[in-house]
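Asker: Quick one: the structure is below, questions incoming.
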Amino acid sequence: MVNVFSIPAFSLAGVSGFLVPALSIASLATFLAVLILIAERYLMDYGEVDLQVNDKTFKVKGGNTLLNTLKEQKVFIPSACGGRATCAYCKVKALSGFPEILPTETPLLTKEEIKDNVRLSCQIKVKTASAIQIPEELFNIREYTATCESIVDLTYDIRLFRFQLIEPPHIEYKAGQYIQFQSPEYGDVSESVYRAYSMCGDCKDKDQIELMVRRVPEGIATTYMFDHLRVGEQVVFTGPFGDFYLRDTDRRMICVAGGSGMAPIRSIMLDMTSEQIEKRKPIFFFGARAKRDLFMVDEWREMEERNKGLTFVPALSSPEPDDDWDGETGRVTEVIPRYVEDLSDCEGYLCGSPGLLNACVDLLISLGIPEERIYYDKFE
C-alpha cells in the first residue's frame, strides 16, 4: 500500500530546495535592473540632442522616452494607456537614431509595421540625434487648462465630471473622440500621469467638456478624480484624439456599450439629436450587471422622444431579486440577436472593456457587418 502523503512531502522538500536559489537569483536580477534604471536616470547624461519631427527640429534633453520628450515640446502623441505599452496608440515611424526593436514593442506591432520601422514612442528613448515621422494633424493637438465645474454621482462607481475651459477657451472635436487627462502628483503618487477618457457631452458646447469616469481600484488617475479632485480646482488635459466618431453615411447604426463606455455613444447621440439625424435609425444596446449599474435611463428615454429614429435597449446580465426589472436580461451579446438579424447594411459603434469589444465584434461580423465598418477605441 502506497503512503500517498509521503509523495507530496518529498516533492515539496525538493521544490523548496530548488525555489530558494531560484528566488534569490530572481531577486538579484530585479535588484540589478532597478540599479540600471536608477543609474541611467540620474548618472548618465546624454546632453542636448536634435530631434527631427517631420520638417521640424527640436533641441531636447536626451534620456527620456520619445513620448515624454515630444510632450515637453508640446507635440502630443495619442497614448490611451498612459505609456504602459498596452494600447499601441503611440506609434510613430522611426527614421534614424533608435536601437533595435524592444520585446515590449513586438507583440503590439504587425510584421508590416516592424518592416516599416514603426515604433512605440512610450518604449523608445531619445539618446542621440534622432528623426521620426508623424501624421501632420498631431501638430494640432493642444494642451488645455480647465476648471472643474461639477461632479455628479451616476452610480456607486461612475461619476460625471464637467470642466469649463480656461485656456484655450474653446475646443473643436468630433463627437466620440477622447482626451488625455493629466493626473497630478498627490499623496504617495510622486509623478503626474495621463489617462484617456472619452468626452461624453455635446460637441457643440465648445467652452466645456464632460467626462464619464469609472473608478478603477488603485487606479492612479481615478483615485485622484474620485478622492482628491474638488469643484473649483484647475486641471490639465490634451486632445482631442481618436478615430471613433460618426461616419458620414446613411447606414443604420448598432451601438453597444457597458459602464462608462456609454460616454462616446452619448456624445454621438447628443450631436445626432441636435442635428435631427433620424435616418440612421440607431439602436443603442447598453449592458449592465444589475439595476444599480444602470444610469441616465430617463435621459435616454427623453432623447428617444426627441430623436424618433433612436432606440435605447438597456439589458441586465444578473439582475438582483429586488431589482423589479421587466426589461431585457442576459449578456448584451445575447440581447442583440433578439432585435436584429441581418446587419449587412449597418455600421457598428462600440465602447467598453476588451472582453465586451471582442465578443461584440465577433457577433456583429456574424450578423453581416464587415469588420472595417465596426468602430471603437480600445482602452485597457
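Asker: Do the conditions hold for A221, that is, is it small (G, A, S), under 16 Å from the mean Cα position of the chain (by Cα) and over 24 Å from E304 (Cα atoms)?
Answerer: Answer is yes for this residue.
Asker: Being among the acidic types (D, E) and at pLDDT below 95 is the filter here, so list the residues in region 119-150 that pass it.
Answerer: Residues satisfying the conditions are E136, E137.
Asker: Tell me which residues, restricted to region 172-213, are of a type in the set (S, T, N, Q) and assigned to a strand (DSSP E or B).
Answerer: Those that are of a type in the set (S, T, N, Q) and assigned to a strand (DSSP E or B): Q180, Q182, S183, S198, Q208.
Asker: Take region 49-62 and flag every residue that is closer than 13 Å to K127 by Cα and buried (at least 17 other Cβ atoms within 10 Å of the Cβ).
Answerer: Within region 49-62, V49, L51, V60, G62 qualify.
Asker: Would you check which residues across region 123-173 are of a type in the set (D, E, K, R), under 25 Å from Y89 (Cα atoms) and either free of Cβ contacts under 8 Å to residues at least 12 places away in the same chain or crowded, with 17+ Cβ neighbours inside 10 Å (or both) and list them?
Answerer: K125, K127, E137
Asker: Please go through region 317-366 and pick out each residue that is touching an Asp or Glu at 6+ places or on another chain (Cβ under 7 Å) and not in a helix (DSSP H, G or I).
Answerer: Correct list: C351 only.
Asker: Would you mind finding the one in P282, P264 that is surrounded by 23 or more Cβ atoms within 10 Å (Cβ to Cβ) and more than 28 Å from T147 (Cβ to Cβ)?
Answerer: After ruling out the rest, the residue left standing is P282.
Asker: Does C90 fit the bill of being of a type outside the set (D, E) and modelled with pLDDT of 95 or more?
Answerer: No; evaluated as a whole, the condition is false for this residue.
Asker: Follow-up. Please name all residue pairs, on different chains or six or more residues apart, with Cβ atoms under 6 Å, provided the first residue is in region 101-114 and is more than 16 Å from A85 (Cα to Cα) and the second residue is in a helix (DSSP H, G or I).
Answerer: none
Asker: When the residues of region 206-258 are filtered to those that are acidic (D, E) and within 15 Å of Q180 (Cα to Cα), which remaining residue is surrounded by the most Cβ atoms within 10 Å (Cβ to Cβ)?
Answerer: The residue in question is E210.
Asker: Taking the options V152, V193, V189, V216, name whichever one is closer than 26 Å to L246 by Cβ and of a type in the set (A, V, I, L, M, F, W, C).
Answerer: V152
The values are calculated or read from the model by the stated rules, or taken from the named source; none is laboratory data. Worth saying up front: this structure is predicted, and the values here are computed from it rather than measured. Counting neighbours? That spans all protein chains shown, and the Cβs are built from the backbone with ideal geometry, glycine included.
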